[in-house]
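The values are calculated or read from the model by the stated rules, or taken from the named source; none is laboratory data. Remember, it's a predicted structure, so these values are computed and weren't measured experimentally. Ideal geometry is used to build each Cβ from the backbone, glycine not excepted, and the neighbour counts take in all protein chains shown.
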Amino acid sequence: MKKVVMPLVMVAILALLPFLGVQYAGLSYLFGVIIPYTATVVLLAGFVFRMVDWLRRPVPFRIPTTCGQEKSLEWIRYDRLESPHRFWEAAARVLFEVFFFRSLFRNTKAELHKDSNLVYGSHKWLWLGGLAFHWSLLIIVLRHSRFFFPMVPGFTDFLEHADGFFDITLPTFYSTDAVVLAAITFLVFRRLNDAKMRLLSLQTDYFPLFLIAAIVVVGVLMRYVVRLNIMPVKDQMLRLVNFSFDAPGEIGALFYVHLFLVSVLAIYFPFSKLMHAGAIFLSPTRNLPNDSREKRHINPWNAAIKFRTYSEYEDDYREKMKKAKLPIEKQ
Amino acid sequence: MKSRKLLWLVTFAAISLFAAFYLFSNGEAETPQKPLARVSVVDSTKCIAPKEFMRANHMQVLHGWERSVVRDGDRVHIASNGSRFQKSLGTCLGCHNNRLFCFSCHSYANVKPKCWNCHLSPMETQ
């Protein structure tokens with residue numbers, strides 16, 4: 001239980017820090033300017049560092065996991081996605097994985113039934129929950145671009161329009177807000193529900209979920225309940241985008257909670273499991289074409305083998321072989 | 001394989017249908033509406049609250065007005081100094097009659113509440 005409660009307490013403390021700091025200690029400059037810049041620098045530098053570190057690791061052999069017909073003879077139809085043969089096929093495979101989580105779609109669940117039968121069944125809930133979570137998070141992040149551009153770009157307008165499709169409440173209710181909260185709830189309870197999952201889950205699994213949940217909840221509160229004054233927020237975000245170090249205006253403390261939790265997420269990102277965002281592109285079982293039978297892949301740090309041919313051997317021992325009356329190929 | 005091709009075809013058809021529908025409906029939205037009668041301007045010469053408060057909190061005030069008028073039929077706003085105002089957009093826009101009064105900030109922050117779905121926009125009346 002400790003590994004569930006500890007992250008929860010940590011997120012609560014992290015949320016309380018900026019609230020108290022801004023409300024009672026007047027630290028709006030720290031939470032509104034210094035910490036966001038620091039977090040951005042840590043996120044970018046850390047992300048690049050981790051990616052470069054991984055990119056430098058040698059991948060000498062092709063180790064894709066395949067589940068389709070490999071490319072062989074002309075007349076045998078092969079599976080371009082499941083057993084990619086060219087770079088572009090492997091790239092498409094990675095992109096499908098990134099956007100649609102194809103490998104999670106094949107998730108199965110093993111259950112021991114009462115009559116002691118082990119039963120395997122399709123289990124797509126994780127796929128559905130993960131997809132809903134990641135897609136709504138992406139849409140929410142893209143929607144936030146309205147704070148970073150003086151003139152709001154067209155795609156943001158389109159996203160807001162599509163997201164506020166139901167056109168209820170004032171301000172308009174965004175469906176992704178509800179979807180992401182539902183998905184996070186599911187993802188947390190998925191870990192808590194099953195004894196095996198409880199055993200497998202660590203603090204590092206719960207912490208990002210709680211952190212993102214807190215960010216979403218604070219955002220929802222600001223938008224629908226408190227109805228925060230947005231003008232100084234936009235001013236401040238535009239200043240940050242323009243690398244200005246001016247002090248922020250009068251903004252409600254809730255905004256600083258939101259911003260601080262996002263900063264914590266950004267700082268936490270490169271050091272944690274969240275790096276799967278970059279790592280998925282580098283996973284060698286996904287991004288390598290399956291061409292081991294067509295091309296010979298030689299380990300680059302193998303020691304060079306020195307071959308000695310028979311003719312060289314004969315050149316060395318010709319006279320001795322003649323004396324011993326052994327047959328010689330070249331006189 | 002036939003079914004897969006059919007699936008692609010159906011997907012393509014559905015997407016193009018949606019695209020066509022989207023473009024079409026957009027075009028329709030831009031047709032000019034009939035000019036309606038002007039909002040009767042409520043006579044009020046002072047503001048219901050100080051400027052700074054209204055800048056930061058007008059959305060809560062207007063949302064409260066909307067609720068109490070529509071649900072309780074309470075059309076009278078009593079300010080903190082005891083003066084009474086009619087709960088109406090016209091109370092504000094009667095004095096603040098610059099046609100960009102709402103839009104200059106709202107377009108900057110890209111906040112687009114759907115006030116003008118029912119109410120007459122100052123863009124159309126002034």
Can you tell which of A:Ile215, A:Ile139, A:Ile230, A:Ile184 is away from chain B (no Cβ under 14 Å), in contact with a helix residue (DSSP H, G or I) (Cβ under 9 Å, 6 or more places away or on another chain), without any contact (Cβ under 8 Å) to a residue 60 or more places away in the chain and within 30 Å of A:Ala25 (Cβ to Cβ)? A:Ile215
When you scan segment A:99-136, how many residues do you find that are over 23 Å from A:His276 (Cβ atoms) and touching a residue at least 12 places away in the same chain (Cβ under 8 Å)? 3
Among the residues of segment A:266-318, which ones are touching a residue at least 24 places away in the same chain (Cβ under 8 Å), under 12 Å from the mean Cα position of the chain (by Cα) and assigned to a helix (DSSP H, G or I)? A:Phe269, A:Pro270, A:Lys273, A:Leu274, A:Met275, A:Gly278, A:Ala279, A:Ile280, A:Phe281, A:Leu282
Qualifying positions in segment A:215-260 - of a type in the set (Phe, Trp, Tyr) and part of a helix (DSSP H, G or I): A:Tyr224, A:Phe255, A:Tyr256, A:Phe260
Do we have A:Ser263 as surrounded by fewer than 11 Cβ atoms within 10 Å (Cβ to Cβ), assigned to a helix (DSSP H, G or I), touching a residue at least 12 places away in the same chain (Cβ under 8 Å) and of a type in the set (Gly, Ala, Ser) here? no
With the structure loaded, tell me whether A:Leu112 is more than 23 Å from A:His258 (Cβ to Cβ), of a type outside the set (Gly, Ala, Ser) and at pLDDT below 90 or whether it fails that test. yes
Looking only at segment A:166-176, count how many residues are within 28 Å of the chain's Cα centre (by Cα) and either within 12 Å of another protein chain (Cβ to nearest Cβ) or at pLDDT below 90 (or both). 1
Within segment B:67-126, work out how many residues are within 14 Å of chain A (Cβ to nearest Cβ) and of a type in the set (Val, Ile, Thr). 3
